Structures are given as structure tokens and as C-alpha cells.
Amino acid sequence: MKRILIYLFALLPMQMLAADYVDDINSAAAKNEAGHQVIYEMNVGAFTTEGTFAAAQQKLGELKTLGVDILWLMPVYPRGGGINSPYAPTDFQQTNPNYGTIADLRSLVTAAHNLHMQVWLDWVPNHTATNATWVTSHPEYYKKNGSGQMVHPNNYSDVYQLNYDNADLQKAMTDCLKFWIDQTDVDGFRCDYISSKEIPVTYWQAAIPDIKGYKAGKTITFLGEADIAQDVTRLKTAGFDYDYAWGYQSSLVNYGSNGVYAATLKANANTMLNASSGVSFGRMLYLTNHDQNYNESKKTLTEKYGQNRYPLTVLAYTLYGMPLIYNGQEVGGNQVLDYFTDAKINWSTKDAKMHHTIRTLTALKHAVPALGDKVGVNWVTISPANANVLAYTRKSGDSEVLVVLNMATTQTSATLTGMTAGAWSLWLNSETIAQGVSRKTQYFSVTQSISLEAKGYRVFVCGSYPEEELPAPEVYTPTLETADEISVFFETATERDYAVWAWGDLGGGEAYCINTSWPGDAMTLMGQTDTGSNIYKYTFTKVSEAPANLIISYNGGNNKIYDGVNFVNHGYYVEGNNTPTQVITTTGIQKLSVERLEASGDFYDLSGCKVATAASATSLSKGIYIRGGKKYVIR
């Protein structure tokens, strides 16, 4: 084992030391100030195998080291209406029994507070489920048509529209918000569908200050689900602390995996920045969330943005505002998560490049004053002009950061002019970030040339910082998490967007693909061989028998790397070779299954045997252990 990831886990009665400077920054005990925070959207039912508050609480330490400051929980109320939408609540003062009790939620909030994280609840102010308790107990709370029938907003058959002309309804809604502050000590609310014209601005103008002043010394923050700055401008005076930069996110999705001219990105960014300049509230920037992932044509991060997902992630974190991580995005975001069924996140596969990129970006957000939410953007002149490169600085006092993005499909060089001469520290380098974080000092002249690989990115911080070398590379061995798993492994020297399309005897056609359109399902980069080749993996949903045929392609086209008719269970394929070269039968050290390990607070040795509970952890001797699917070292 060439490198052990060491996690700072505040609840353990033993010393855990962070593995690198990024962990040091993100795991710091102090609470990050407003303007330097990162928000994380969690669907409790999807986040762990159990789908409970208690299980999510066990993974808070991982979110802390990722750099999460605010935990936004998707609706936690009982669901109704017939289609199991979390946005069809039946009771605003109860929890979904599948998730746990109100006491369990309060325990989660308390644990988050101990890690200096906030918890915001998802609030559904516009409607309730058609079988909500108020439908019978308070029918006067609902809007009715000319025939006296309750109204379905937007023709959503599972919900009824609330009537904000009723003063008692307005008071009841505000009282429900106070209920959650009293019962669970939450720190804020993400408010759903505030663009609804059925909710008057005057309601928010009364309710938000009422809630903010409800408990002395308690800060409550409101995030509104609307682009208030550019779209729903009537809500500018409503009192929200943050809105969605929704129009900006929509402007990015057309880029896919093709080349992108930097001028288009710059123009779209300027539109967002200009709209943001005169508003009193902050803005949340994002590439995906539950709507973009599931409701908009059910597209993964790769399907929506292609290889652009990496530089666009950097852009979203460093351009302006508060960045959002959607649950699972930190390991690649390559699942479509059906939140109606609470489809589980697959934590067993991880895009190392995306993971290290995101956690480095959160560290930059926390540590660099120039990346405060509302710090302005200065576009860097590139001479001679390069249509594919975007470069900008942000400055606050003596703090300055430089971001350079190459949106081209080929390597390019750019000469930046007007730079601050002197020492700069390279914190994020797309060429090496898949191997882990590092930090290198470089000296800039006023005119500085930078070379970037295709879809490459660099983030520099002005000044001198301690250098940190890349970790020794971890060699990945093709591994099955369970004995009955059916997976395909693919080795290649080239990093691309690989996809697998499979069919067989259990239903024909796309029986084995989640994505039923060509080119099938995205493969996940698992790691490298000892010679530097990349190994991709895809695990099939059908496990009773292997598919008979499969095709591996890349970049969404008909570039067929492998087109085989004799699939071998657990087959391992090499680029350019039309036959399986190895049959994988080895299972990993997590013989108890990834799901059980991720859900457990217990400690296991490297053979998979339980050696201590969380309560008896002080009895462990020095060594390496597994807890929650992660490796720990006790010194």
C-alpha cells in the first residue's frame, strides 16, 4: 500500500492526521465565514444504503474533509400523492419514517454542528400532497376552482395548491418553519419553487424577517429556488440571502464534449456577473442538482457536459458566488439518481480526477480571500488571441488568484499579459490532479506563457506557499466488490469518455444498460496500472448471468474500441485487442460488501474482520483499519 489516506474524524477518540494540505484546510476546526462556504445537496434516502439520518450522520466526517460547509437536505417529510415525490409532503411537521425520527434528524444536525457545518432543510411552500393531513383538517388552506375543487399547480396531479390569500395559512406555514428550528436546531431553508405567482412577495417580506429574528443569537439563512437576479426580479426585495444562478447554468449545458470558444463562455459569464452586481443577496453556482440530473432528460454529468465537465467545474467554483456539490458529484456524478425511488449512490466507483479537483477547489474557496463570493472578476488579456483559452484573476486586498482554462480538444499555449510579476503557487493542475493534490511555486513575469493539455486547467495563488509533492501513484488492480458482481474492466493508455453497450439473452436489446440510447453507459476511471495505463470499469445491473455481447466506444461516437461477441464474466479488456485478456475473479478486502462497510461505524482489519466498534475504538492498537469504506491509520 503506497499511500494511506488519513482522515480527520472529529468524533474518534484518537489522533487522525490529514494526508495533505487540502485535507488540512478543509478539516480545520474553525467555521468558514460567509462568502467562503460550499453547499452540498443531499438526498438522505440515496446517500447511504440504509437511507437514514443515522447512516448519513456516520458519513459527515467525509463531507467535512471534502470541504462541505452547508448540508442542504432534500425534503425530509412524509411523502404522498401517489408517485412518491419528496416535493409532495403530507405533513410539514413530521419526518419520512424511512429516514428516521425527528430526534434522529436533530442528532444529525448536532453532529454537523460539532464539525462546524450548517444544516438547511428543503422547504416546500407552494403545495402539499393530495392526501396531506391539511386536505381534511384545513381545506380552507387550499386554492379552489369555480367548482369548489382543489387545484393542481402546473397540472401536477400529486399535489394541491396552497391558498396564500388565507392569513391563517400564511401563519401556519411560518409556524412550521419555527417548528423545525425548535425541534432540530437547523440553520436555514432552501425554499422550493419560489417563482410561483401564487406566493405573494409580501409573504416572504413578512416571514423571512420573522424567522430570522425568532431566536436570539441564531442565524437563519434562506436560499430561494429561482434566478432572482435575472428572471424572477419581483423577488429582489423578498429578503432571500441566496438565489440560483439558474440562467448561467442553462447557458453551459449546450457545450457537451465538443470544443468551446472561450468568447462564448466569457459572454455568458459577463451576463451573469452584470446581473449579480447590483443585488444584495448572494448567488449559488452549480453544474447539476436533482433537477438537472433527473428531471432534465435524465443526464449524468458526463452526458450533459462531456470532457468539459472538468474545466466547467473549475469555472463554477472560481468565477463567483457559492458553489454547490450535488450528492455523488464528488465521485464523478455519473449516475442518474431517481429521487422518487431514492436510488442509491454508487460509492464503489470514483473518478479520482473529479474527486481531487473538487476537494482542492473547496480548499481554495476556504483559504483564499480573493475567492470570496462577491469578489470581482478581471479578464486577462491573451496576446496573441487564443479563441479556446479563458483566463481571469480575482483580487481582494493582497490576495490574488489566477484561473486558466483550455476548452479546446487539443493542447494549446496561451500568453497572458498584465500579470503580477513574482512568486505564484500552482494549487490545481489538471495534468496531475488525478494522482492527488500537490503545490508548486512558479515565478511569473508580467507577460507569462502557459501550456495546457486538451480541456486542461490551472489555478494559481499569488505568493509563496509550502510546496507539496504528488503522492506516489496507487496501482489499481481490477477488483470485484462482491463475488457475484458482473463487471467489465478496460485498460487503455488514453483518457477519454468511454462507454459500454451490452445485450444478451435476458431481454435483448439494451437489457444490461441503464442508458437505453447509444452509446450506453459511461465507464468509470478506477486508477492506473504500474505502467501508467488507465483502467476503466462498469458494473452491470443484471447479475444472474453475463450479457452475451458488448461494445466499448469513446467520446459518444462510433469509435468502437471493443466489439465482442463472447463476453467473459468479469472480463478484462485491453485497447486494440479484440479478445478478453484476463478473467477477473479477485474480490477486494471489503468482503462484507461495500454497502455494509459504508453504513457501519465499526472498524475492520484489512482482511474484512470486525475488530472494534465505534464505542470501543480506544482499544485499537496502531495500524491500518477500514471504517465506513475508508482507510484509517492509527498512530
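The values are calculated or read from the model by the stated rules, or taken from the named source; none is laboratory data. Just so you know, these numbers come straight off a predicted model, no measurement behind them. Here the Cβ positions follow ideal geometry from the backbone for every residue, glycine too, while neighbour counts run over all protein chains shown. To get the accessible areas, we keep the full protein, side chains included, count just its heavy atoms, and leave off ligands, DNA and RNA. Shrake-Rupley method; radii C 1.70, N 1.55, O 1.52, S 1.80 Å.
The table below lists the values:
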| quantity | calculated |
| --- | --- |
| Theoretical FRET efficiency, 1/(1+(r/R0)^6), r = Cβ-Cβ of Phe340 and Ala493, R0 45 Å, to 0.05 | 0.65 |
| Three-way shape label, the range 293-401, alpha-carbon gyration tensor, a/c 1.5 | prolate |
| Gap separating the Cα centres of the range 48-101 and the range 396-431, nearest whole Å | 40 Å |
| In sequence order, calculated HN-Hα J values of the range 131-139 (Karplus, 6.51, -1.76, 1.60; Hz; x Gly/Pro) | 10, 5, 4, 5, 4, 9, 7, 9, x |
| Segment Ser383-Ser277, length gained on full extension (0.36 nm per residue, minus Cα span) | 35.3 nm |
| Debye intensity ratio I(q)/I(0), log10, the range 166-237, q values 0.11 Å⁻¹ (C-alpha model) | -0.28 |
| Paramagnetic label zone (point 7 Å from Cα along Cα-to-C-beta, Arg234; backbone N under 14 Å) in the range 200-216 | 200-205 |
| Charge tally in the Cβ shell below 14 Å around Asn26, where Lys, Arg are +1 and Asp, Glu are -1, Asn26 excluded | -2 |
| Whole-percent carbon and sulfur share, accessible surface of the range 117-210, 1.4 Å | 45 percent |
| Accessible-area value, Trp246, 1.4 Å probe, nucleic acids and ligands omitted, Å² | 70 Å² |
| Cα-derived Rg to Rh of the range 250-325, Kirkwood definition | 0.96 |
| Computed lengthening from Thr110 to Gln93, 0.36 nm per intervening residue step minus Cα-Cα distance | 4.2 nm |
| Rh (Kirkwood; distinct C-alpha pairs) - the range 123-262, Å | 16.8 Å |
| Normalised alpha carbon radius of gyration of the range 226-363 [divisor 2.2 N^0.38 Å] | 1.07 |
| Spatially proximal aspartates and glutamates relative to Lys171 (Cα-Cα < 17 Å; intrachain offsets below 8 disregarded) | Asp91, Glu140, Asp182, Glu198, Asp210 |
